[in-house]
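This structure is in structure tokens; I'll ask about it shortly.
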Amino acid sequence: MSREIVVFIAASLDGFIAKENDDLQWLEETEGEGDNGYSDMYQSIDTVIMGKRTYDYIVEHIEPFPYTDKKCYVFTTTQTEKNEHVEFVQEDIVTFTKQLKAQQGAKIWMVGGASILDAFLQEQLIDEWIITITPHLLGSGIPLFKYPRPFEELKLLETKRYGQMVQMHYQVKKEA
């Protein structure tokens, strides 16, 4: 059985995950409720994957490093060593992830960013979407989805309201 990849992410109503300059202050100031479902998702995973820009943002803005109890991979073209929290990966994103999905373990959280998300969409590697929509129209920024992308059919599992945010949980319908 293949491990599942889950995307747990917030986006503005017009589909942006960050402003042009990677600014997330609009998101941090949004009135949510509790942890907006983060703990439940986090307990279901044992592995975290992300791009180098996302990693750099986390290291710069969150202390201590938030994923110390999970295996964490960072895709990069510039860094090769390992540190106490993450393993930097310079391999092909898709090939590496397919191998990771074939290993034993719990779900894998694809934290970000947009380039990795697009590569996963093109190869249909994502199994679950947990998207929290915030009450913002950013007008521009880093889009959640790049175009073109393949068609995928989703099954709505659940919707929840967290203060001013609405979370939608989808499962990707796989062909039998």
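The values are calculated or read from the model by the stated rules, or taken from the named source; none is laboratory data. Given the structure is predicted, the values throughout are model-derived calculations rather than measurements. FYI the Cβ positions are ideal-geometry reconstructions off the backbone, even for glycines, and counts take in every protein chain you see. Areas reflect the complete protein model, heavy atoms only, side chains present, ligands, DNA and RNA absent. Shrake-Rupley method; radii C 1.70, N 1.55, O 1.52, S 1.80 Å.
Just to confirm the filter: which GluC sites (Glu not before Pro) across the range 119-176 are DSSP coil and have at most 16 other Cβ within 10 angstrom of their Cβ?
Here the sparse-neighbourhood loop sites are E123, E152, E153, E175.
Further question on the same structure: Starting from 0.36 nm per residue, how many nanometres of slack lie between I133 and Q79 once their C-alpha separation is accounted for?
16.1 nm
Tell me, what is a quarter of the convex hull surface for the C-alpha atoms of the chain, in nm² with one decimal?
10.4 nm²
Related question: Skipping prolines and chain starts, which residues have an amide H placed within reach, meaning under 5 Å, of the one on L154, given they are 5 or more residues away or on another chain?
Amide H neighbours of L154: K173.
Where the only charges are on Cβ atoms (+1 Lys, Arg; -1 Asp, Glu), what is the dipole of the chain about its Cα centre, to the nearest 20 debye?
Magnitude of the dipole: close to 600 debye.
While we're looking at this one, here's another question. Positive end of the charge dipole of the chain (Lys, Arg +1 and Asp, Glu -1 on Cβ, about the Cα centre): tell me which of L144, M41, Y170 has its Cα farthest that way.
Y170
Turning to a different aspect of this structure: From the protein chains alone at 1.4 Å, what is the descending order of accessible area for K173, K101, largest first?
K173, K101
Given contacts defined as C-alpha pairs under 8 Å and at least six residues apart, what's the relative contact order of the chain, whole-number percent?
36 percent
Another question about this same structure. Which residue fluctuates the most in the chain, going by a Gaussian network model with Cα springs under 10 Å, if the choices are I126, I17, I58?
I58
What list of ³J(HN,Hα) values in whole Hz, one per residue of the range 87-92 in order, does the Karplus curve 6.51 cos²θ - 1.76 cosθ + 1.60 (θ = phi - 60°) give from phi, with Gly and Pro shown as x?
Whole-Hz 3J(HN,Hα) from phi for the range 87-92: 10, 7, 10, 10, 6, 4.
Once a ≥ b ≥ c are taken as the square roots of the eigenvalues of the Cα gyration tensor of the range 105-151, is the result rounded (a/c under 1.5), prolate (a/b larger than b/c) or oblate (a/b not larger than b/c)?
Here the range 105-151 falls in the oblate category.
Can you list residues whose amide H is under 5 Å from I108's amide H, if they're 5+ apart or on another chain and H is modeled 1.01 Å from N?
Answer set, sorted by chain and number: E4, I5, V6.
Let me ask something else. Testing the spin-label approximation: label points 7 Å from Cα along Cα→Cβ at H61 and D35. State their distance in nm.
1.8 nm
Rank I108, V59, A10 by how far each Cα sits towards the positive end of the charge dipole of the chain (+1 on Lys, Arg Cβ; -1 on Asp, Glu Cβ) and give me just the farthest.
Most positive-ward Cα: I108.
222 nm [θ] for the chain, helices only, -39500 (n - 2.57) per DSSP H run of 4+, per residue, to 500?
So the helix-based figure for the chain works out to -6000 deg cm²/dmol.
Can you spot the lysines whose alpha carbon is less than 16 Å from K155's alpha carbon? Ignore those fewer than 8 places along the same chain.
K173, K174
Hey, which aspartates and glutamates would be in cross-link range of K146, C-alpha to C-alpha under 16 Å, not counting anything within fewer than 8 residues on its own chain?
D14, E20, D118, E123
Multiply the residue gap between Q171 and S2 by 0.36 nm, knock off their C-alpha separation, and tell me the result in nm, one decimal place.
Value of the extension gain: 59.4 nm.
Per residue of the range 128-142, what does 6.51 cos²θ - 1.76 cosθ + 1.60 with θ = phi - 60° give for ³J(HN,Hα)? Whole Hz please, x for Gly and Pro, Karplus curve as stated.
My calculation for the range 128-142 gives 9, 10, 10, 10, 9, 8, 9, x, 9, 10, 6, x, 6, x, 8 Hz in order.
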